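Right, one structure below, let's go through it.
The values are calculated or read from the model by the stated rules, or taken from the named source; none is laboratory data. Just so it is clear, the model here is predicted, and its values are computed rather than measured. Positions of Cβ are backbone-derived with ideal geometry, glycine not excepted, and every protein chain shown enters the neighbour counts.
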Amino acid sequence: MDLILCHQTVDFDALGAAVGLSCLKVGSRIVLTGGAHPTVKDFLALHRDEIPLIELRSVNPKQIRHLIVVDNQQLNRLGKASDWFSLSQIKSVELYDHHLNNKCDIPTTFQQIEPVGATTTLIVEKIQEANIIPNPIEATIMALGIHVDTGSLTFSQSTARDAKALAWLMEIGANVKIVAEYCDPGFTPQLQGIFSEALDKFETKNIRGYQIAWVLIETENFVSGLSNLAERLIELTESDALLFAHSYHKRHNDKPYPQNRLIIIGRTRIEGTNLNELFSVYGGGGHSQAASLMLRDVDPENKLQQLVEEFITQIPHPLTARDLMSSPVRTIRPETTIEQAQRMLFRYGHSGLSVVDENDHLVGVISRRDLDLALHHGFSHAPVKGYMSKNLKTIHPDTLLPDIESIMVTYDVGRLPVINDDKLIGIVTRTDLLRQIHQQRKEVKDENGKKVATVSCLLPSIRNSLEPSIWKLLEEIAQEAEHKGWHLYIVGGAVRDLLLTRNYEKVLLQDIDLVVDGFHRSADVGAGVELASTIQKKYSNCRLSVHGEFQTAALLWHKDPEFGSLWLDIATSRTEFYPYPAANPEVEASSIRQDLYRRDFTINALAVRLTPPREGELLDFFGGLLDLKAKEVRVLHANSFIEDPTRIYRAVRFAVRLKFEIEPQTEAYIRYAIESGIYEKLRLKNHVAPALTTRLKAELKYILEANYWKPALQLLSELDALKCLHNQVSLDDKIWWQIRCASRWLKYLDPDNKIGHWLIRLEILISQINIKERKQLAQNLQLPKESLERIEIVNTLSSEIQENLKKYDKTSEKYKQLYRYKLPDLMLVAVNCNKKIRRIIWQYLTQWSKVESPLNGNDLKRMGYKPGPKYKMVLDRLLSLTLDGEIQSKEEAEIIVREMMKELN
């Protein structure tokens, strides 16, 4: 006999999963191990005969061969049926459930526990795989199981798998009317009375902006159906969490229990809280947002209060204006002209400006719309005080996010100044609010497949992915930042690479960027430098480098046994403005949001908070996480490539290195920037723009010395991006062949990369430009001295070498012509001449240059000749004869030496 066991007080999910399994396992019977929810009981009263139920008392234990448990992992929830698992004839025990974090004490031979909204969903998927079509009533029961346990797909644990399973059940005939009838049943007279009593006894407390509610109901007997009542109660009272306690001391037959019973039903809508975690300590369980617990012999009131207090400790600190606001605020005086205000908006990309008086007290706000209207009417020279809004709504740094949202919606305002001690310290915009709300609603899955808010899931994965020494260092820096009252974030490429890492795979990060954001508490723009200086005192083996212009500091380790060659940048959060295309940006202190906004690509505009509260929070304001999953490089701003052409090269570098694609609109921006001709105009004006000189050289070096230089260079060519160097630079077939040929030679002749392979590739790439402009480009790029010298003489050398080699036939003569040149010179000549000359140079580099004279100075001394100028003449002659194959041995060489010495004497 095969038995499918439902837990005590069976609900529709357990029944639906059991009915589904009975379709799969023909001949199996369903056992209800003790009681049922009122709605399930009502349903079975009508439909019991349509499903293969068997009474617990009717089972002959000796006939049991296979047991299947649904929607449960605890033996104590199976009543007397729990004894069957110890029977010697049991061949297999299967278990199907969707509660991931529950402890299982049932001995099984097979388990399927997966993160879906209902156990029934797992069974429906197996039925679909088996190509079985249940009848309409079976489909209806399974649909009820999914509907009830997912709140009709509205509970947080609901998944797309639940929706697909439900849709399929409807396709095959699930009765929607029956589903609607039993999903939302009315209350019995007894439950109506308890509902009224609960409303009278209802207690609440406001904790961090959330309404927490609890109530204790005492009856003589157990009352079923209270879970539905708890759902209705939390909805009606608009509470964020509810603990509903039911105390009773008699059985259904009025016989008293030896000890009183207390059932607690929990419901929560607060992200970051977990009722299953809270109740499992006491033997209860369920989901994070819906769970229950049964206790014996406890004081009901004291126990409920204890659980309320324990639940309160789970509630996360809500966001406040201090966390959301941008700071410092761009302000202007009332006398500032409309035209000046418009220029400021353009410079900083804001949609409005705050107006303050001489005491820095806020007196108004002017929006872009206000400015546009004034300019339209020709009042560009009028002061803003005539157009600014003066009836302002303001908030305090500690105003909670829900209150901020309420003010914005109620009064239809797009920005709220943050005031502390009559001073304007920040501003919260509608965009700030929407981004944060979206951020909170985003979910990811942990290692068990469970959905968790991104705010709480990243620190463990970062810790697991980093070397312990580096993680410890980051913790130390975070603690120091917290001590100083600042927030600390790990930002940019390090976050990107960590998010791309598989679970428990170690990442060797040797370049980490940290950002300090604390200007709502400190006006010190050197926070990053101050923090780095403090840390450097604790690590004497690292060097501190400060870049004052950009408010950054770097801690540098070199071949350290613990940290390797780690480069740790600590910067003050800042914003930047490009005064003209390809310039270095002008930098000003700002907030973490604006700091991320100034970055190049969405996948690099990610940050993880390292300081409490909400450590581990991922800041993703631009969809970087989605682009990582889509494997796309997407630029943040339309004019990004106009402002900084090195971003074109960075886009290519990231795309090739990460095996991503450049997002189509981003590619269009790249092509527009290049076709606009702005870079060529700057070059013709001899305008030394850093993004076209030193910074561009740095990006070229990254690309040309990487192992992916070939596809990167090809992609740059496809985008016409080599024109950022010079409008005559292109990767035609000839240049492409020359670069690859030189690279092959370099790999063989200079395996240790002593001469800078990337430089040789670059010199070949720009060789198509006329010599005058080539020299100018090399100087602008600040190439090293030896490179500048090669660029200046390579054409002359090429002509000289080719002409000289044509004159001689003997190997020794060719050797003498090539001997005086350096390896890079010969390579640059070789790739640009005919095959015959190239073969001669190759033979020289690989064979002739390694040939030695059969005799050396010591040999001549042994032969009795005194050292002197004659030595060189003799040895050179011996080398020439050896190269030409005229002597083969030392004996022959000695004969030649004696003859030469006679002649010379």
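Take the residues in the stretch 658-679 that are over 19 Å from Ala712 (Cα atoms) and loosely packed, with under 15 Cβ neighbours inside 10 Å, then tell me which one is nearest to the chain's Cα centre (by Cα). Looking at residues that are over 19 Å from Ala712 (Cα atoms) and loosely packed, with under 15 Cβ neighbours inside 10 Å, I get Gln665. Residues that are within 30 Å of Gln211 (Cβ to Cβ) and not small (Gly, Ala, Ser) within the stretch 318-371 comprise Pro318, Leu319, Thr320, Arg322, Asp323, Leu324, Met325, listed in sequence order. One residue stands out among those in the stretch 443-462 that are surrounded by 15 or more Cβ atoms within 10 Å (Cβ to Cβ) and either part of a loop (DSSP other than H, G, I, E, B) or at pLDDT 50 or above (or both): the one that is farthest from the chain's Cα centre (by Cα), which is Lys450. The number of residues in the stretch 758-770 that are surrounded by fewer than 14 Cβ atoms within 10 Å (Cβ to Cβ) and in a helix (DSSP H, G or I) comes to 0.
Restricting to the stretch 553-562, name every residue that is crowded, with 21+ Cβ neighbours inside 10 Å and at pLDDT below 90. Once the filter is applied, which keeps residues that are crowded, with 21+ Cβ neighbours inside 10 Å and at pLDDT below 90, the stretch 553-562 yields nothing. Among the residues making up the stretch 96-130, those that are part of a helix (DSSP H, G or I) and in contact with a Gly (Cβ under 7 Å, 6 or more places away or on another chain) are Thr120, Ile123, Val124, Ile127.
Do we have Gly193 as of a type outside the set (A, V, I, L, M) and part of a helix (DSSP H, G or I) here? Yes; evaluated as a whole, the condition is true for this residue.
Here is a check on your reading of the model: is Thr666 among the polar types (S, T, N, Q) and assigned to a helix (DSSP H, G or I)? Give the derivation first.
Values: among the polar types (S, T, N, Q): yes; assigned to a helix (DSSP H, G or I): yes.
Spelling it out, Thr666 is indeed among the polar types (S, T, N, Q) and assigned to a helix (DSSP H, G or I).
Give me the helices (runs of 4 or more DSSP H) completely within the stretch 812-883, filtered to those with at least 3 residues that are buried (at least 18 other Cβ atoms within 10 Å of the Cβ), ordered by residue number. So that I can check it myself, show each step before the final result.
On the way: elements: 823-830, 835-846, 857-862, 869-883.
In the stretch 812-883, 823-830, 835-846, 869-883 are the helices (runs of 4 or more DSSP H) which contain 3 or more residues that are buried (at least 18 other Cβ atoms within 10 Å of the Cβ).
Is it the case, given these coordinates, that Glu94 is of a type in the set (Asp, Glu), at pLDDT 90 or above and under 30 Å from Phe187 (Cβ atoms)? In short, no. Scanning the stretch 640-654 for residues that are surrounded by fewer than 23 Cβ atoms within 10 Å (Cβ to Cβ) and either among the hydrophobic types (A, V, I, L, M, F, W, C) or free of Cβ contacts under 8 Å to residues at least 24 places away in the same chain (or both) gives Ile642, Phe654. Looking at the structure I just gave you, is Ile793 out of contact with any helix residue (DSSP H, G or I) (no Cβ under 7 Å at 6 or more places or on another chain) and assigned to a helix (DSSP H, G or I)? For Ile793, the condition - out of contact with any helix residue (DSSP H, G or I) (no Cβ under 7 Å at 6 or more places or on another chain) and assigned to a helix (DSSP H, G or I) - is met.
Quick check on the stretch 389-408. Is at least one of its residues in a helix (DSSP H, G or I) and free of Cβ contacts under 8 Å to residues at least 12 places away in the same chain? Even if it seems obvious, please write down each step before you answer.
The first filter runs over the stretch 389-408 and keeps only residues in a helix (DSSP H, G or I), leaving 401-408.
Filter once more, so that each one left must be free of Cβ contacts under 8 Å to residues at least 12 places away in the same chain: 406.
Scanning the stretch 389-408 turns up at least one residue that is in a helix (DSSP H, G or I) and free of Cβ contacts under 8 Å to residues at least 12 places away in the same chain.
Residues of the stretch 52-73 include none that is under 17 Å from Thr140 (Cα atoms) and among the β-branched types (Val, Ile, Thr).
In the stretch 719-747, the residue that is surrounded by the fewest Cβ atoms within 10 Å (Cβ to Cβ) out of those that are among the acidic types (Asp, Glu) and either assigned by TED's automatic domain parsing to the domain that holds Gln779 or part of a helix (DSSP H, G or I) (or both) is Asp733. Of everything in the stretch 152-190 that is touching a residue at least 12 places away in the same chain (Cβ under 8 Å) and small (Gly, Ala, Ser), the residue that is farthest from Gly20 (Cα to Cα) is Ser156. The set of residues from the stretch 880-905 being without any contact (Cβ under 8 Å) to a residue 60 or more places away in the chain, touching a helix residue (DSSP H, G or I) at 6+ places or on another chain (Cβ under 9 Å) and acidic (Asp, Glu) comprises Glu886, Glu892, Glu894.
Of all residues in the stretch 20-34, those that are of a type in the set (Ser, Thr, Tyr) have Cβ atoms under 8 Å from Cβ atoms of residues that are part of a loop (DSSP other than H, G, I, E, B), 6 or more apart or on another chain, in Ser22/Ser28; Ser22/Ile51; Ser22/Pro52; Ser28/Pro52; Thr33/His7; Thr33/Gln8; Thr33/Leu78.
Tell me, which helices (runs of 4 or more DSSP H) wholly within the stretch 200-314 include 2 or more residues that are under 43 Å from the mean Cα position of the chain (by Cα) and surrounded by fewer than 16 Cβ atoms within 10 Å (Cβ to Cβ)?
Details: elements: 226-237, 275-280, 300-314.
In the stretch 200-314, the matching helices (runs of 4 or more DSSP H) lie at 226-237, 300-314.
Contact list please: Cβ distance under 9 Å, first residue in the stretch 515-532 and modelled with pLDDT of 90 or more, second residue among the hydrophobic types (A, V, I, L, M, F, W, C) and in a loop (DSSP other than H, G, I, E, B), pairs at least six apart or on different chains. Qualifying pairs under 9 Å: Val516/Trp486; Leu531/Trp486. Taking the stretch 1-93 and the strands (runs of 3 or more DSSP E) fully enclosed by it, the elements with 1 or more residues that are of a type in the set (Lys, Arg) are at 29-32.
Within the stretch 330-337, one or more residues are farther than 30 Å from Asp517 by Cα and either free of Cβ contacts under 8 Å to residues at least 60 places away in the same chain or crowded, with 18+ Cβ neighbours inside 10 Å (or both). Just so you know, in the stretch 610-645 the residues that are more than 12 Å from the chain's Cα centre (by Cα) and assigned to a strand (DSSP E or B) include one that is farthest from Leu696 (Cα to Cα), and it is Glu632.
Exactly one residue out of Leu544, Leu568 is at pLDDT 90 or above, assigned to a strand (DSSP E or B) and surrounded by fewer than 21 Cβ atoms within 10 Å (Cβ to Cβ), and it is Leu544.
Taking the criterion of being under 25 Å from Leu275 (Cα atoms) and either more than 45 Å from the chain's Cα centre (by Cα) or not β-branched (Val, Ile, Thr) (or both), the residues of the stretch 158-184 that qualify are Ser158, Ala160, Arg161, Asp162, Ala163, Cys183, Asp184. Among the conditions (1) surrounded by fewer than 18 Cβ atoms within 10 Å (Cβ to Cβ); (2) touching a Gly at 6+ places or on another chain (Cβ under 7 Å), Arg347 misses just one, which is (2).
The set of residues in the stretch 646-663 that are among the charged types (D, E, K, R), part of a helix (DSSP H, G or I) and within 16 Å of Asp600 (Cα to Cα) comprises Arg647, Arg650, Arg653.
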